[in-house]
Amino acid sequence: MPAQWHSSTSELTARATALAEPVLHSLSQPAQVRRLRLLLVALFTLWGVLALVRMVWALLPAAAPAAAPAQVINPVSNSAPAASRELDIERMRGWHLFGEAGAAPVAPAPQPVVSNARDGIEEGARETRLALKLRGIVASTADGLGHAIIEHRAQQAVYAVEDKLPAPGRVTLAKVMPRQVILDNGGTYERLELYEESELGALAPPAPTPADQAEALDRRGEPEITELASDYRSRLYQNPQSLAEVVNISAVRRDGALVGYRVAPGKDREQFDQLGFRPGDLVTSVNGISLDSPANTMKLYNAMRSAGEVVFELEREQQPLTLSVSLEDSGQ
């Protein structure tokens, strides 16, 4: 097998050599070489010319295509309006776009009145039997709102509307009024009066006889009393129920009208005496604000925030007395 393949290859080589010898022989002649050179030069020249023409043609601007005629989508109609579309002035006048001349003005619709949830809850409210005592009221500009000083088991505290009261069951303060408060006792409204007869009120002396000039007790020059009174004012706005340690108060009325509040010492009798009070003193006015109306309670509450001193108008042993205490150090 290798011998046959070798012999075939030798034959092909011999044939190719025989065919190439005449061509090589002819090309070795000077005349043939000259012709071949001329042919190659002609071919290269033709190729260069074609390349130059293509480059010039590429640099020339192409002619813009002719624009197609615009097509009108919504042509304007020049037809005259129909006679039925003429403006009807009389019909427009009948519309009364700006109101009818001489007509009576239309009254605005009444606005709905928003009712207060506390309105009328005092009607039909029975007197409470809970062991609570109303000692004071701080009125508010909003109807039914405010604060009340309520005592339970000799402990006084300030409560706002919707606050829970220290009584058995679900008892809350529902409404504050000038002379009473309404309690919500498990869904039943009960009233708690401000001017209840108390032990101090029952022991109140008869009406005092007016004097030509009230006795004055001035404690404003005593630094210890000034510091003590200033401390009580701070406790009034921060922790009002803490004042029950010094003084207990109860409303006093005569002929059905409030005249003031009677004071008695609390747990700390010594401080009560230092301020200049005595058990049974009836306070009728503070800094010129009379205590014969619950409406003045808020005025007094606001005035005491910036007051430099406090002047109590008292009734002691049927005689008028003025007690003055400073709230600010004279050296400041």
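Rule-based calculations on the coordinates, nothing more; no lab input. Note that this is a predicted model, so its numbers are computed, not measured. Here Cβ is always computed from backbone atoms with ideal geometry, including for glycine, and neighbour counts include all displayed protein chains.
The protection proxy used here, the mean number of other Cβ atoms lying within 10 Å of each residue, ranks peptides 146-156, 285-295 as follows, highest first: 146-156, 285-295. Annotation: lysines with alpha-carbon distance below 27 angstrom to K299 (same-chain offsets under eight excluded): K133, K164, K175. Annotation: amide H-H contacts under 5 Å for M177 (H modelled 1.01 Å from N, sequence separation of 5 or more, or interchain): I182. Between the beta carbons of E193 and R170, assuming R0 = 22 Å, the FRET efficiency works out to 0.50 to the nearest 0.05.
Cross-link partners of K267 among aspartates and glutamates, defined as those whose alpha carbon lies under 18 angstrom from its own and excluding same-chain residues fewer than eight positions apart: E151, E199, D231, E245, D281.
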